[in-house]
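The values are calculated or read from the model by the stated rules, or taken from the named source; none is laboratory data. Please read these numbers as outputs of a predicted model, since none were measured by experiment. Glycine also receives a Cβ, built like all others from the backbone with ideal geometry; neighbour counts cover every protein chain displayed.
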Amino acid sequence: MGAKRSGAEFLEAGVSKFLMNWFQERDIACEYQEVAPGRANVLARRQGAVGSPTILLDAHQDTVPVDGMTISPFDPVVANGRVHGRGSCDVKGGMAAMLAAFSAIVRDSTATVVMACTCDEELGQLGVRHLTSSWSSNESKYQLLPSAPDFAIVAEPTDLNVVTSHKGTIRWALTTRGVSAHSSSPQQGENAIYHMARIVRLLRQYSLELSQRVAAHDPCGTASLSVGVIHGGTSVNIVPDHCEIQIDRRLLPGETPDDAEQDLQNWLRDQDVHPFTMIRIGCTGLPLSPTAASAIPATQLLTMIKRHQPKSKAIGVPFCTHASTYAAAGVPAVVFGPGSIRNAHSADESISIDEVRHAAAILEQFLNTDNVLQPESASA
Ligand SMILES: [Zn+2]
């Protein structure tokens, strides 16, 4: 997730324009749909044979901010077989692999493939939500993808593994109220920070007990909770009447945001804490679980990956992606891409060019395989 920024220079407009030009120069049908001021999804489509399944390739256009980077963020230096710069790993490397595979199948394949370059993945997931909600709405239809596809591959750095499950995210702002007073007579007020201090201690206890409340998931691990922000008071000589914390809770596959929220609220109230309010902030990312419908194409993809990288496997990861939003819209989805999540968002972000090439070759082969969503083509 990135920090909040405003202004066109912080958004994806330049990338969207580049992508539209890239598709148009290759005579590929493309579509620009604004999702919010200055923010757009760019889609492109290769129409396959009648009755062929539709495969969606998703790569997000945005990156996280560049504060604290130790390399020049927007000077894409190539050194030691790697491209260095903000977004190289998350997720322009994956996007480049998808674009290469997509442009290759435009000439040769019978598959129907839609490339969706989505906006606002890092902070609000506006782009993927706009796209998936358009399938069940009469408004904002995308001409190039008016209904849900049959399978989606989401680009994120997975070290060329196939991610079939991942954690989700829910975040809250929790507020306590008090009564302000002159700090020379604190007994005349009610200190909202003191009320919050007890809640923060209890939240730490709750986070340590989470592994007993929520069974661990193989391979995603354990649920977690962390308090990341605290604000309270306005001046040292005023008893504070307000204190707010922000809480991040990672959900395991099988958990729902509503259940997690209810469990935490009930537990806190059982501790007899001072009254508080708790509201959701940011976007809630659902966890991803493997399904019967995603198992076949995931296995197909893995078979092709292993020809390039034999150690690759189906894995679960702690970070949230667009795949769970597609899955919630009824589209079987997996995550696949070059690069490591350890390099994503880092101060010296980079990606291996060889790995991008391997990812492009794997995707091209996958998209060019007839009946790739059927089990019998696994050995093709
Ligand atoms: Zn990403």
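Could you tell me which residue of region 95-122 is surrounded by the most Cβ atoms within 10 Å (Cβ to Cβ), considering only residues that are away from the ligand (no atom under 16 Å from the Cβ), touching a residue at least 12 places away in the same chain (Cβ under 8 Å) and farther than 24 Å from residue 352 by Cα? Going through the qualifying residues, I end up with 113.
Residues of region 181-194 include at least one that is out of contact with any helix residue (DSSP H, G or I) (no Cβ under 7 Å at 6 or more places or on another chain), over 23 Å from residue 104 (Cα atoms) and buried (at least 21 other Cβ atoms within 10 Å of the Cβ). Looking at region 131-146, is at least one residue at pLDDT 95 or above and closer than 20 Å to residue 358 by Cβ? Checked against the condition, which is being at pLDDT 95 or above and closer than 20 Å to residue 358 by Cβ, region 131-146 yields no hits at all. Considering only residues that are crowded, with 16+ Cβ neighbours inside 10 Å and under 18 Å from the mean Cα position of the chain (by Cα), which ones fall in region 263-293? Listed by number, the residues that qualify are 282, 283, 284, 285, 286, 287, 288, 289, 290.
Only one residue in 190, 121 is of a type outside the set (S, T, N, Q) and within 25 Å of residue 259 (Cα to Cα), so which one is that? Before you say what the answer is, go through the steps one by one.
Details: 190 fails: within 25 Å of residue 259 (Cα to Cα).
So the residue among 190, 121 that is of a type outside the set (S, T, N, Q) and within 25 Å of residue 259 (Cα to Cα) is 121.
For the criterion of being of a type in the set (A, V, I, L, M), surrounded by fewer than 17 Cβ atoms within 10 Å (Cβ to Cβ) and out of contact with any strand residue (DSSP E or B) (no Cβ under 6 Å at 6 or more places or on another chain), residue 359 fails.
Counting only residues that are part of a helix (DSSP H, G or I) and acidic (Asp, Glu), region 127-144 holds 0 of them. Answer yes or no: is there a residue in region 306-317 that is in contact with a Lys or Arg (Cβ under 8 Å, 6 or more places away or on another chain) and β-branched (Val, Ile, Thr). Yes, some residue in region 306-317 is in contact with a Lys or Arg (Cβ under 8 Å, 6 or more places away or on another chain) and β-branched (Val, Ile, Thr).
Restricting attention to region 83-92, does a residue exist that is buried (at least 24 other Cβ atoms within 10 Å of the Cβ), under 12 Å from residue 367 (Cα atoms) and away from the ligand (no atom under 11 Å from the Cβ)? Scanning region 83-92 turns up no residue that is buried (at least 24 other Cβ atoms within 10 Å of the Cβ), under 12 Å from residue 367 (Cα atoms) and away from the ligand (no atom under 11 Å from the Cβ). Collect the residues in region 244-279 that are farther than 15 Å from residue 202 by Cα and either in contact with a Pro (Cβ under 8 Å, 6 or more places away or on another chain) or part of a loop (DSSP other than H, G, I, E, B) (or both), keeping them in residue-number order. 250, 251, 252, 253, 254, 255, 256 - these are the residues of region 244-279 that are farther than 15 Å from residue 202 by Cα and either in contact with a Pro (Cβ under 8 Å, 6 or more places away or on another chain) or part of a loop (DSSP other than H, G, I, E, B) (or both). Among all residues of region 67-76, there is none that is in contact with a Leu (Cβ under 9 Å, 6 or more places away or on another chain), of a type in the set (A, V, I, L, M, F, W, C) and within 19 Å of residue 11 (Cα to Cα).
Does region 29-64 hold any residues that are touching a residue at least 40 places away in the same chain (Cβ under 8 Å), assigned to a loop (DSSP other than H, G, I, E, B) and surrounded by 16 or more Cβ atoms within 10 Å (Cβ to Cβ), and which are they?
Kept after step one, since they are touching a residue at least 40 places away in the same chain (Cβ under 8 Å), are these residues of region 29-64: 29-31, 33, 35-36, 39-49, 52-64.
With assigned to a loop (DSSP other than H, G, I, E, B) added as a condition, the list becomes 47-49, 52-53, 61-64.
Within region 29-64, 48, 52, 53, 61, 62, 63, 64 meet the criteria.
Checking each residue in region 343-369 for being outside any helix (DSSP H, G or I), modelled with pLDDT under 95 and away from the ligand (no atom under 13 Å from the Cβ) picks out 347, 348, 369. Scanning region 123-143 for residues that are crowded, with 17+ Cβ neighbours inside 10 Å and either over 27 Å from residue 281 (Cβ atoms) or of a type in the set (Asp, Glu) (or both) turns up just one, 142.
For residues that are in a loop (DSSP other than H, G, I, E, B), among the hydrophobic types (A, V, I, L, M, F, W, C) and within 15 Å of residue 158 (Cβ to Cβ), tally how many sit in region 280-334.
Of the residues in region 280-334, the ones in a loop (DSSP other than H, G, I, E, B) are 281-284, 286-287, 289-291, 307-313, 318-322, 329-332.
Of the ones still in play, those that are also among the hydrophobic types (A, V, I, L, M, F, W, C) are 281, 283, 286, 319-320, 329, 331.
Retained after the next criterion (residues that are within 15 Å of residue 158 (Cβ to Cβ)): 319-320.
So the count comes out to 2.
Taking only pairs six or more apart or across chains, which ones have beta-carbon atoms under 6 Å, a first residue in region 141-156 that is under 30 Å from residue 341 (Cα atoms), and a second residue that is within 16 Å of the ligand (Cβ to nearest atom) and part of a loop (DSSP other than H, G, I, E, B)? Correct list of pairs: 154/321; 154/322; 155/337; 156/321; 156/337.
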